[in-house]
Amino acid sequence: MDFILWLMVIACVAFLVCLVYTKQFKWLLGVIRNMAFGIVGILGLNMLLAGVGISVGINLVTTLIVGLLGIPGLLLLYATRLLI
């Protein structure tokens with residue numbers, strides 16, 4: 001069991017090292033940056049729209065949507081919240 005665990009760790013580290021030397025790493029950092037700004041944006045909009053009763057939860061799905069789509073993804077979350 002320990003051998004399999006170490007093999008998985010080595011495979012993950014090798015994958016990350018390969019990402020560092022490719023353009024995909026810059027894309028991944030951009031998505032992570034967008035996710036961080038998206039969380040701040042969701043928190044800010046939740047505070048602004050608290051009086052109206054509109055809020056979006058922060059979870060993996062919402063952060064991935066904002067991370068991949070950016071500001072249009074953030075607006076999409078709130079538009080979907082208004083429709084539901």
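The numbers here are math on the coordinates, done by the rules we state, and not lab data. Small disclaimer: the values here were computed from a predicted structure and weren't measured. Note: ideal-geometry Cβ built from the backbone for every residue, glycine included; neighbour counts use all protein chains shown.
For the peptides 52-65, 32-45, the ranking by mean Cβ contacts within 10 Å, running from highest to lowest, is 32-45, 52-65. Calculate how steeply helix 23-48 sits against the longest principal axis of the alpha-carbon atoms of the chain, using the helix alpha-carbon long axis, and give the answer as 0 to 90 degrees to the nearest 10. For helix 23-48, the angle is close to 30 degrees.
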